[in-house]
Amino acid sequence: MQMPLLKNNHGSNLFIIIVLLSLLSGCKKNDPFPQIAGEESADVVYDWYKLISRIQRNTAPPPVVLQNLRNFGFIGVGLYESVQPGIRGAVSLSEKLYQMPGMPQPDRDKHYLWGASANAALPSLMKQLLVGLTDADKASMDSLENAYNERFRKHVPDAVIKRSAEFGKVIANAIYQWSTSDNFNLSSVGYILPVCPSCWVLVPPATAPVGPFLKDSRPFLEYSLTATIPPLPFPYSEDKTSEFYKAAKEVYDIGKALTPEQKLIPPWFADAGGPGVGLASAAHNLSIITWVLEKKKAKLGQAAQIYAKTSIAFKDAPVIVWRSKFDPNLNLLRPVTYINRLIDPTWTTFLPNPPYPDYLSGLVSLYSSSLQVLKREYGDIPITDVAYVWRGSGTREYASITKLVEEAGFSRVLAGIHYQFTQDITIKVAKDLGNQIANINLVRSSWDH
């Protein structure tokens, strides 16, 4: 079905999709409507995530990677809380997450439309949490919210929509207030870089470390406070016969012989290119999650649970990984530093080096942890990655979630910015986190989704 396009006044000529108001034109106000989130369509949620991806991919400068991931963590949790009372047998995440306060509750004697609650919660959360939204962006968000409310009014009484929207906004405000106390800090003020043969050093264009104190940010799971990180699989060595030298030489040899196909992979997963070319952080993962949920025809209740659980990974994976990166015993130099020092002083990486140590890997930790939630829910299913169809780059096809995660990890080796052993160990550590998240029982066993 062709949907109308509304031109945004954004400088990048952003276009957004507005929901076709006639979809429910045959409904009447006194028609029955579902009061259970497990029976409601999740389209409203999909459209919100798609809209914010369109907005953020044109934001200049792009959102700060780690901050954006953290913010989408809270957005996913808030989405779930806005519809949780409508999921049969469901419990609040305040019973499951670390130091999460109790959430506001709806009036049990009143009717609610949970899609309308989500439709109010999501823009409220996004406007409060996401950085860099312009007035034009907010106007686009208002348009989508109003379009869905008009759609709902075709089959739901106004009083129910108003009540539901008010509840969604109350939840959004409560989640935002909780977010302000998480001690999130990307500053490096007061941090002193260690000096040793194996220690990480800044690599241009980086001018300062990012996130040495991120480990102190409150995670969503108590598990993440003490999640163990394996030591390096072999000791640092500059001996040409050592395993470490071989690992660095592998990165060097791969980088010297990249094929045209291999050169497509690193920027695909790095979401490189800047505004109008690459996606903002979290958007690529969310695109995959949304694609799976749409293919599985997930209803609102199930979709909210999956978005919440994958969003937990967005916040906790960086907390665990950055604790490792800046651990004095694990702080590890990037391949380029080792290679320039001992193998080839002229060698350069395919993509720029990030401003933090090598071990563990941030990017693949997000894919491994969040997609493990999908794997536990739906199995190791084939995936079509459609994240860059919008710019004419086609799709990437994977026989399984496992294969996608493996390629995401290898993309950083192809880029020249990680050792393969870092990727392999990170995938395992993040998979363990994903399993911890997947184990969260949000619906009592006597109920379905």
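Read the figures in this text as sums done on the coordinates, not as results from a lab. Keep in mind that what you see is a predicted model, and the values were worked out from it rather than measured. For neighbour counting, all protein chains shown are included, and Cβ atoms are generated from backbone atoms with ideal geometry for every residue, glycine included.
For this structure, a couple of remarks:
- Packing-based exposure ordering (other Cβ within 10 Å, fewest first) of S164, S369, S198, S217: S198, S217, S164, S369
- Cα extents of region 221-292 along the three principal axes, largest first (Å): 46, 44, 23
- Placed amide H near V201: partners under 5 Å, 5+ positions off or other chain: R334
- Prolate/oblate/rounded call for region 334-401, Cα gyration tensor, a/c under 1.5 rounded: prolate
- Chymotrypsin sites (Phe, Trp or Tyr not before Pro) restricted to region 157-190 and DSSP loop, no more than 11 other C-beta within 10 Å: none
- Rounded to the nearest 10 degrees, the angle from helix 43-56 to the longest Cα principal axis of the chain is 50 degrees.
- Remark: region 369-376, residue by residue, has Karplus-estimated 3J(HN,Hα) of 6, 5, 7, 5, 4, 5, 4, 5 Hz, where x stands for each Gly or Pro and the curve is 6.51 cos²θ - 1.76 cosθ + 1.60 at θ = phi - 60°.
- Largest GNM mean-square fluctuation across L193, L293, L221, computed for the chain with C-alpha springs under 10 Å, falls on L193.
- Taking amide hydrogens as placed 1.01 Å from N in the peptide plane, the amide H of L221 sits under 5 Å from those of Y98, each at least 5 positions away in sequence or on another chain.
- DSSP-assigned coil residues among chymotrypsin sites (Phe, Trp or Tyr not before Pro) in region 72-150, each with at most 15 further Cβ atoms within 10 Å: Y98
- When each of L79, L232 is scored by the number of other beta-carbon atoms lying within 10 Å, the sequence from fewest to most is L232, L79.
- Hull volume in cubic angstrom per residue (convex hull over the Cα atoms of region 83-210): 177
- Helix axis angle, 114-129 relative to the chain longest principal axis, alpha carbon, degrees: 40
- Helix axis angle, 401-414 relative to the chain longest principal axis, alpha carbon, degrees: 40
- Part-to-part distance (alpha-carbon centres) for region 194-221 and region 112-166, which is given in Å: 39
- Shape class of region 214-438 from the alpha-carbon gyration tensor: oblate, with a/c at 1.5 or above and b/c at least as large as a/b.
- The chain, relative contact order [Cα under 8 Å, separation at least 6], %: 22
- Computed with the Debye formula from one identical point scatterer per Cα of region 118-188, without solvent, the log10 of I(q)/I(0) at q = 0.11, 0.18, 0.20 Å⁻¹ comes to -0.35, -0.77, -0.89.
- The spacing between region 379-428 and region 329-358, judged by their C-alpha centroids, is 22 Å.
- By the beta-carbon count within 10 Å of each Cβ, the least crowded to most crowded order of R54, R412, fewest first, is R54, R412.
- Mean ellipticity per residue at 222 nm, deg cm²/dmol - from DSSP H runs of n ≥ 4 across the chain, formula -39500 (n - 2.57): -16000 deg cm²/dmol
- Rounded if a/c under 1.5, otherwise prolate or oblate - region 354-449, Cα gyration tensor axes: oblate
- Of all lysines in the structure, those lying under 28 Å Cα to Cα from K295, and not within fewer than 8 positions of it along the same chain, are K50, K154, K309, K315, K375, K403, K428, K431.
- Per-residue ³J(HN,Hα) for region 195-200, Karplus 6.51 cos²θ - 1.76 cosθ + 1.60, θ = phi - 60°, Hz, x for Gly and Pro: 10, 6, x, 9, 6, 5
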